[in-house]
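Rule-based calculations on the coordinates, nothing more; no lab input. Just so it is clear, the model here is predicted, and its values are computed rather than measured. Every residue, glycine among them, receives a Cβ derived from its backbone with ideal geometry; neighbour counts consider all protein chains shown.
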Amino acid sequence: MTDSDPYNWPKSKKVMNLALIAFHAMMGTFTAAAVQSVFAEIASDLEVSIHRASYMLSLQIAVLGGAPLFWRPLSQRYGRRPIFLLSLICSLVGNVGCAVSPSYATMGLCRAITAFFISPALAMGSGVVTETFFKKERARYMGIWTMMVTLGVPLAPFLLGFAAVRVGYRWIYWILAITNAVQFILYFFFGYETLYLRGATPSTSPCPPTASTTPYFKQLLSFSRIDRTPLRAWDFIQPLIFAVRPCVVIPAAAYAMVFLWGNITMSVETGALFPERFGFDPQQVGLQNIALIVGSLIGEQIGGFLSDWWMWRRHNRQQVVGSGESGSESGSGGQEENVRTNVAAGAAAPQPEFRLWLSYPGYLLAVCGVVVYLVQIERAGTRWNVTPLLGTGIAATGNQIVTTVATTYAVDCYRADAAGVGVFINLVRQTWGFIGPFWVPPLIERVGFRASAGIASAMLIAVSIVPTAVVQWKGSLWR
């Protein structure tokens, strides 16, 4: 038993480390969405069309999807901490470059650089959670990470819209750079290495800053290779193998579809339609994201805390059933004793597919929210009212439930490569999120809001609900 093993850390240390990683992950989507409410200002400043200005968002979404493929094998060899620190300092430089960019091309290049370096925590958070927390509480803490990834999209325009109105949109980039600097300082002093090779010799295992064998500040500056396994070209594309693993690719596709309609589409349409229809400025557009924020926070209570309780309740019930007639005859006290005995003996845990029951309320809420949003936008005409935002909040609740449940299920199926699972899910989500804004607005323009609501519902049923039911039925045979 060693303090180098994250499983042995005190809870406060685990939670503090997760908080830093989760905030880092949020900054990925936060940085991408930071310009959502200032397309008009960018277009005017750089003398391009609003349509071209919107590529500042689309570009980062695409890079955030693919970049973790590069970072994952490096973090598997050298550890999470040095990669995260490098990520933050280079992201800071990229944001400064955006702030002083004299042209559209230069700003686009700096945005791509920033996205490339800010991306590691966006995908590898699943690995950090798995390396730190036990299975019985994993959904709760996996949900914190996934919730922060989701919240980055609405929080950015909500908070930075104020800055754009008062001090100009370029201060958005300065604020992002300052935030990266604060993150770097906090993670340098309070971030810990979670990659631990169980069964390895002490010389190959990471030594966190709390170990007593080396002075604290010396360990902060000590970076060495943890896994001596040679780095191969295959390692950089290995997560793509999950494309043929139904227990990962199906939840990933189901989640990506919900994320597109229940998060990305609403953010994009709100940013484009509300200034045109209602004459909103960036600050007013940002305020519309309160519904997404509140909905995501509510959804996490179901997707995270309730998910763990759901699996633990199933686990206990299986122990009670397995205790046989002797447990029933001995009364409630004896029954509880049998449960404790069987749990201690390592009796079989419930199948991961049992967790998927909680995804169906999420799917239904997403469908309901998307329909309400699109229909009420059409009814609103040129006069703003709150009803479309009710749909946004409902869809955000469903999206967050699905996010946590689908991600936790996939990680439970392939726990040994939790970081690879996270990279693949991130790739699918970001790729579909990147493609969506190119075809969803033209679709709405061509067929109208009501017909688009029907199409969205059909896609959610066909790509999310039905395949999830199939995985729940056959998943145990496919793993």
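Does the range 138-186 classify as rounded, prolate or oblate by the C-alpha gyration tensor (a ≥ b ≥ c root eigenvalues; a/c under 1.5 gives rounded; else a/b over b/c gives prolate, otherwise oblate)? Intermediate values should be presented prior to the final figure.
Details: a/c = 4.70, a/b = 1.71, b/c = 2.75.
Taking the square roots of the gyration eigenvalues as a ≥ b ≥ c, the range 138-186 is oblate.
Would you mind working out the magnitude of the charge dipole of the chain relative to its Cα centre, with +1 at each Lys and Arg C-beta and -1 at each Asp and Glu C-beta, to the nearest 20 Debye?
Values: 35 positive and 24 negative charges, 112 e Å.
So the dipole magnitude of the chain works out to roughly 540 debye.
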In whole Hz, what ³J(HN,Hα) sequence does the range 456-468 give by Karplus (6.51, -1.76, 1.60; θ = phi - 60°), x for Gly and Pro? 4, 4, 4, 5, 5, 5, 6, 9, 10, 5, 4, x, 4
With labels modelled as points extended 7 Å from the Cα through the Cβ direction, what inter-label distance (nm, one decimal) is found for Phe188 paired with Glu137? 3.1 nm
Protection proxy (average C-beta count within 10 Å per residue), highest first, orders 182-190, 154-162, 85-93 as 154-162, 85-93, 182-190
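State the extension gain, in nm to one decimal, for the chain segment bounded by Gln301 and Thr431, taking 0.36 nm per residue of separation less the distance between their alpha-carbons.
Details: separation 130, 0.36 × 130 = 46.80 nm, distance 2.73 nm.
Stretched fully, the Gln301-Thr431 segment lengthens by 44.1 nm.
Report, in deg cm²/dmol and to the nearest 500, the calculated mean residue ellipticity at 222 nm for the chain, where each DSSP H run with n ≥ 4 adds -39500 (n - 2.57) and the sum is divided by the residue count.
Working: 23 runs with 347 residues, N = 479.
Dividing the helical sum by the residues of the chain leaves -23500 deg cm²/dmol.
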Quick one: 3J(HN,Hα) in Hz for the range 127-137, Karplus 6.51/-1.76/1.60 with θ = phi - 60°, rounded, Gly and Pro as x. x, 5, 4, 5, 6, 10, 10, 6, 4, 5, 10
Taking the highest mean first, how do the peptides 418-424, 402-408 order by number of other beta carbon atoms within 10 angstrom per residue? 402-408, 418-424
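Assign one of three labels to the range 375-449, namely rounded, prolate or oblate, based on the Cα gyration tensor with a ≥ b ≥ c the square roots of its eigenvalues; rounded applies when a/c is under 1.5, prolate when it is not and a/b is larger than b/c, and oblate otherwise. Could you put the intermediate results ahead of the total?
Working: a/c = 4.61, a/b = 2.03, b/c = 2.27.
Since a/c reaches 1.5 but b/c is at least a/b, the shape of the range 375-449 is classed as oblate.
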Which one of Ile175, Leu160, Val93 has its Cα pushed farthest toward the positive end of the charge dipole of the range 93-207, where Lys and Arg give +1 and Asp and Glu give -1 at the Cβ? Leu160
